[in-house]
Amino acid sequence: MSAMVKVVVVGHTNTGKTSLLRTLSRDEAFGHVSDEPATTRQVEGIQLLLSNGEPVMLLLDTPGLEDPDGVLDALDRLAGPERFDAPERVRRFLDGPEAATRYEQEAKVLRQMLDSDAAIYVIDCREPVLGKYREELTILTYCAIPVLPVLNFVANPASREPEWREQLARLNLHAVVAFDTVVFDEAGERRLYEKLRTLLDAYDQPLQRLIEDRRQQGEWLRRAAAEYLAELLIDTAGCLRIIPGDLEAAKLREMILRNQDAVRQREQRSVDALLRLFRFSSSHYDHAHLPLVNGAWGMDLFNPDALKHYGMRMGGGAAAGAAAGAAVDAATLGVTLGLGTLTGTAVGAVLGTSLPLHRRVWGRLHGFSEWRVSDDTLRLLIVRQMALIRALLRRGHAAQGALASGGGPESRWARGPLPRPMREARLKPKWSRLNPELFDPTRGDRQLAVQRLTEEILAELSEQEAN
């Protein structure tokens, strides 16, 4: 016996067999997915690996069963007086001329069934329960290997899951799994592997190791995503620019727009990292825009409508700019432009000066302002990045539509105080990569702040998932 269990994925044409393999393997490029019937014409395989690279399962995609009526009739004709047992009857059928002509696709499925340890029978549970499905299941039982029915598209409003469960029970198939290949369900995937364990005693240990490995991978994914977000939030909260008080309005607006663009690019890098982490390509995401929750996508981070969308109060950037003697327009929204708010310590940190020198520098910088990302914009950043992480955690690798958050519970930081590590970052410009002339990656206090914020984000994600 091989330590790697071989599982063939079968079913009627266009039920989502290839989609299931994409989701289980976390490989969006496997096979070809289409709404057109009979997309898969050959048997294709993909290995499931543990985190250490060890293969534990071979999943085999097969063509759809297109004419179960005809195949069942052909198999019944082979019963005859010799009374071949069921697998032998299938072998006789495969040796006959019809297997190479009229029933070529079904023959590919049956050959693979005879050479596998178990079969997953994929059912599009949006479809009504028809006789052709009962005939398919009868044919599969002739191969004498365990068959696990998987109900696909259970999250769809048109799902007929209760009807299918009742019909499968009548066929003495009680080990059934509901698993949507588009809306990923981590618990559903675990149930699928657990049901396979009950059907395959000989492979109990490798399947148990796969289940545990998938659990650990899920925890690691959440922590890594939380760390990416924590890094983004610390960088953005600590971002600081010094603006001369006598800067003309056009130059001031140009500087503000340039600073905003740097923040946008930093968020985009975080988005790109999250997509890579979850093994999704850029095709799942529109790089030209960044997302918001509740289906409102494509709204710019510094667009005032973004803040209004969440009922967040508008900052006083434009008023502060005007007080500084400049006609500042909507470019300042989403940031603060505080007049005379810099402390001597902050000026010294920004300019890289020693404590004795910063007092003389501060005297020469009278009238200068500090540019920062506003608290409300930071709240917006938290809300939509948390929504993005939740969406990725729930997205199957067979999904074809645009990435959408689907709403969800609001973060407690949407209107309340920002997390303490972010408030500390306000006073630590050396923590931010957006201040390249100051950033010090070796600072232990920054790493501790990122760790603390990561734990807070993980706790928030757990609370939101529980709701």
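The values are calculated or read from the model by the stated rules, or taken from the named source; none is laboratory data. Just so you know, these numbers come straight off a predicted model, no measurement behind them. Note that each Cβ is placed from the backbone with ideal geometry, even for glycine, and that neighbours are counted across all protein chains shown.
Does the range 164-176 contain any residue that is within 30 Å of ARG91 (Cα to Cα), of a type in the set (D, E, K, R), surrounded by 19 or more Cβ atoms within 10 Å (Cβ to Cβ) and not assigned by TED's automatic domain parsing to the domain that holds PRO421?
Looking through the range 164-176, none of the residues is within 30 Å of ARG91 (Cα to Cα), of a type in the set (D, E, K, R), surrounded by 19 or more Cβ atoms within 10 Å (Cβ to Cβ) and not assigned by TED's automatic domain parsing to the domain that holds PRO421.
Restricting attention to the range 186-201, and to residues there that are surrounded by fewer than 18 Cβ atoms within 10 Å (Cβ to Cβ) and acidic (Asp, Glu), which single residue is modelled with the highest pLDDT?
Result: GLU194.
Considering only the range 172-183, state which residues are in a loop (DSSP other than H, G, I, E, B) and under 21 Å from ARG197 (Cα atoms). Steps first, answer last, please.
Within the range 172-183, the first condition is being in a loop (DSSP other than H, G, I, E, B), and the residues that meet it are 172-176, 179-182.
Correct list: ASN172, LEU173, HIS174, ALA175, VAL176, PHE179, ASP180, THR181.
Select from the range 193-252 the residues that are part of a helix (DSSP H, G or I), in contact with a strand residue (DSSP E or B) (Cβ under 9 Å, 6 or more places away or on another chain) and closer than 30 Å to PRO441 by Cβ and list them in ascending order.
Matches in the range 193-252: THR236, ALA237.
Check the range 452-462 and report whether any residue there is modelled with pLDDT under 95 and either closer than 19 Å to THR377 by Cβ or touching a Phe, Trp or Tyr at 6+ places or on another chain (Cβ under 6 Å) (or both).
The answer is yes; a qualifying residue exists.
Taking the residues in the range 86-126 that are free of Cβ contacts under 8 Å to residues at least 60 places away in the same chain and within 32 Å of the chain's Cα centre (by Cα) as candidates, determine which candidate is farthest from LEU72 (Cα to Cα).
Result: ARG126.
Based on what the data block shows, is ARG415 at pLDDT below 90, assigned by TED's automatic domain parsing to the domain that holds LEU381, farther than 18 Å from VAL263 by Cβ and among the basic types (Lys, Arg)?
So ARG415 fits the description; yes.
Looking only at the range 133-149, decide whether some residue is under 30 Å from ARG390 (Cβ atoms) and in contact (Cβ under 8 Å) with a residue 60 or more places away in the chain.
Scanning the range 133-149, I find no residue that is under 30 Å from ARG390 (Cβ atoms) and in contact (Cβ under 8 Å) with a residue 60 or more places away in the chain, so the answer is no.
Just one of (1) under 30 Å from PRO419 (Cα atoms); (2) touching a residue at least 40 places away in the same chain (Cβ under 8 Å) trips up TRP220, so point out which.
The number of the failed condition is (2).
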